[in-house]
Each structure stands twice: as structure tokens, then as C-alpha cells.
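Single-structure report; data block below.
Taken together, the values in this text are just the output of simple stated rules run on the coordinates, not laboratory data. Just so it is clear, the model here is predicted, and its values are computed rather than measured. When we count neighbours, we look across all protein chains shown, and the Cβ atoms used for this are built from the backbone with ideal geometry, even at glycine.
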Amino acid sequence: MATVYQINKGINKPIEFKGLKAQYIMYLGIGLVVLLLLFAIMYMLGVHLLICLMIAGILGSALFLLTFRLSHQYGEHGLLKFLAKRKIPTFLKSSSRQLFIQLTRKEVCNVKSN
């Protein structure tokens, strides 16, 4: 008898759930846990239940909208690339050439010793 093997066609694809890709699922989960804790703290402090529900509902809606918008706008790794690109300096300023002269000498010494 022939053995039947199932082929997994999802290899090397990002995790996707209801349109959310990769790390955005984690962002949404963490945000929902924070909202739950915020609701519990407000309720224990004695804030009226309807006010707690309205605040949690508004913040939850904003969280969903922001997370889905970022997921669709930047994709799997786009947001991290965007944030990393912002940290790259536009130019480097050096007041002397000494750094580059020493760097060249060290490289020459290493090449000669090998």
C-alpha cells in the first residue's frame, strides 16, 4: 500500500490571523491584556462601570484600528525597518583624520603579520 504524506504549504510564510501579520498579533495581544488590567484597576478604584466600559471600548477600538492599519501599511518587517532607518544618522562629522589613519595602520599590520 502506498503511504500518503500531507504537504505543509505554509513553510517560511509569516503567521497571519484575520489579516494581522507576524508581530502585530503580539502587539494586539499585549494591548488587550493592558486594557484588561486598566479596566480592572479603574473598577477597583471605584470608577463607575459605564465609564470603565466606555474608556476600555474606545481604547480597544483605537488599538484594533491602529494595529490593523500598521499591519497593512508596513507588512511583516516594514515597521521594524522603518524604525531602524530613523536611527541611522544622516551624516558623520569628524574633526580629525586620526581615527582613519589609525584604522588603516592596524589593518596593514594585521595583513603583514598573516
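Ranked by the mean number of other Cβ atoms within 10 Å of their residues, highest first, the peptides 59-68, 78-87 fall in the order 59-68, 78-87. Between helix 23-44 and the chain there is an angle of about 50 degrees, using the helix long axis and the longest principal axis of the Cα atoms. Pairs exceeding a 28 Å alpha-carbon distance, out of Lys9/Lys85; Lys9/Lys87; Lys18/Lys87; Lys21/Lys87: Lys9/Lys85; Lys9/Lys87; Lys18/Lys87. Ranking Leu28, Gln102, Met42 by how far each Cα lies toward the positive end of the dipole of the chain (charges on Cβ) leaves Gln102 at the top. A convex hull fitted around the alpha carbon atoms of the chain yields 326 Å³ per residue.
Do the sum for the chain: with -39,500 (n - 2.57) for every DSSP H run of n ≥ 4, divided by all residues, what is the mean residue ellipticity at 222 nm, to the nearest 500 deg cm²/dmol?
Only helices count here, giving -22000 deg cm²/dmol.
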